[in-house]
Amino acid sequence: MRFWLSFLMLVLFAFSCQPTGQNGSGERDSISVLFSEEVVEEESAACGKDSSRCTRVVLQFPMVTKAAPAVQKRINDTLEVHVMRLFSPISDEDSGSAYIETPEEAAEEFVAVYEDFLVEEPDYTQAWYAEVEGQLLFRNSNLATVKLECSTYTGGAHPLYYVDLITFGLQDGEVVDLNDLIADKTVLMALAEKYFRQARELEAEQSLQDAGFFWDGNFALPRNMGLTEKGLYLFYNQYEVAPYAAGPTELVIPFEELKPILTKPAILGLD
């Protein structure tokens, strides 16, 4: 009896030493925030009959399905706003549309605008589409980066394509500015330019402006930065630093080279 009582007390003591909401390493439990794929699909009635008079919407993107309620709402609201940016040309005040609050409503409105346009232009024979393909690019117990590849075509010379990168703090659901994790911006700029030149196969001394990049000749960081398992991911969208024909530019700065200039290496698991 004395043995079992001692054993029970030992077990209770071991459990009492585990911090609430954390694992044995002192980090917050990595499954406290769970993501799953959200899918929204919509198409016009003519799609099954005439592909030239068809419009389709396919939106696939991560959404939080398990987290503290405030964190889940904050992350999901932000993701939905970024997804709906794709539809801003057909959801502004000039369109006469009611304010669109969800991706589902945006998809329905996109199809409705196309069908109304066909009534006005019965000889029009170009299909429209809107697509979002999202993925969870990186996550650890502290941070998560979501990549949204967005594309739409509503007539014209070429489709609109762009990438959104959003990094969240998993403890509060707020968007994280990755610049705040860098102590030395000068070193970051030098590293980014080195890997940009590698991605574009440019020599170290070659003029960026003469090569068709950065119209004023000065290298700059992109608006889009995120995290991958290998390092800091930078994505320059079309038109951001070069003409449309040049396409986007993407690169990764390895964590090994970033570690000396990080303000909080532990948040990335690099301590």
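The values are calculated or read from the model by the stated rules, or taken from the named source; none is laboratory data. All figures in this text were calculated on a predicted structure; none of them were measured in a lab. All Cβ positions, even for glycine, are placed from backbone atoms using ideal geometry, and neighbour counts span all protein chains on display.
When the residues of the range 122-157 are filtered to those that are of a type in the set (D, E, K, R) and touching a strand residue (DSSP E or B) at 6+ places or on another chain (Cβ under 6 Å), which remaining residue is surrounded by the fewest Cβ atoms within 10 Å (Cβ to Cβ)? Steps first, answer last, please.
Filtering the range 122-157 down to residues of a type in the set (D, E, K, R) leaves 123, 131, 133, 139, 147, 149.
Filter again for touching a strand residue (DSSP E or B) at 6+ places or on another chain (Cβ under 6 Å), leaving 131, 133, 147, 149.
Values: Glu131: 17, Glu133: 14, Lys147: 21, Glu149: 16.
Across the range 122-157, the extreme among qualifying residues is Glu133.
Of all residues in the range 249-263, exactly one satisfies the criterion of being crowded, with 19+ Cβ neighbours inside 10 Å and of a type outside the set (A, V, I, L, M, F, W, C), namely Thr249.
Sub-8 Å Cβ pairs linking a first residue in the range 146-159 that is farther than 17 Å from Ser88 by Cα to a second residue that is among the hydroxyl-bearing types (Ser, Thr, Tyr) and not in a strand (DSSP E or B), at least 6 apart or interchain, are His158/Tyr244, ordered by first then second residue.
Return a yes/no flag: does the range 190-208 have any residue that is outside the structural domain of Ile75 (by TED's automatic domain parsing) and closer than 21 Å to Gln135 by Cα.
Within the range 190-208, none of the residues are outside the structural domain of Ile75 (by TED's automatic domain parsing) and closer than 21 Å to Gln135 by Cα.
When the range 230-248 is filtered for residues that are over 29 Å from Ala157 (Cβ atoms) and surrounded by fewer than 18 Cβ atoms within 10 Å (Cβ to Cβ), only Lys230 remains. Only one of the listed residues (Glu37, Glu43) is at pLDDT 95 or above, assigned by TED's automatic domain parsing to the domain that holds Ile166 and more than 27 Å from Leu137 (Cα to Cα). That residue is Glu43. The residues listed here are Tyr162, Tyr195; of these, the one that is in contact with a Cys (Cβ under 8 Å, 6 or more places away or on another chain) and either outside any helix (DSSP H, G or I) or modelled with pLDDT of 95 or more (or both) is Tyr162. Restricting attention to the range 154-184, the residues that are over 23 Å from the mean Cα position of the chain (by Cα), more than 30 Å from Phe110 (Cα to Cα) and not hydrophobic (A, V, I, L, M, F, W, C) total 1.
Consider Glu203 carefully, then state whether it is out of contact with any Gly (no Cβ under 9 Å at 6 or more places or on another chain) and exposed (fewer than 12 other Cβ atoms within 10 Å of the Cβ).
Considered against the rule, which asks whether it is out of contact with any Gly (no Cβ under 9 Å at 6 or more places or on another chain) and exposed (fewer than 12 other Cβ atoms within 10 Å of the Cβ), Glu203 comes out as yes.
Note on the range 215-239: residues that are in a loop (DSSP other than H, G, I, E, B) and either in contact with a Lys or Arg (Cβ under 7 Å, 6 or more places away or on another chain) or not acidic (Asp, Glu) (or both) total 13.
Table: residues versus (1) crowded, with 20+ Cβ neighbours inside 10 Å; (2) without any contact (Cβ under 8 Å) to a residue 40 or more places away in the chain.
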site	(1), (2)
Leu165	yes, no
Ala199	no, no
Asp210	no, yes
Met225	yes, no
Thr228	no, no
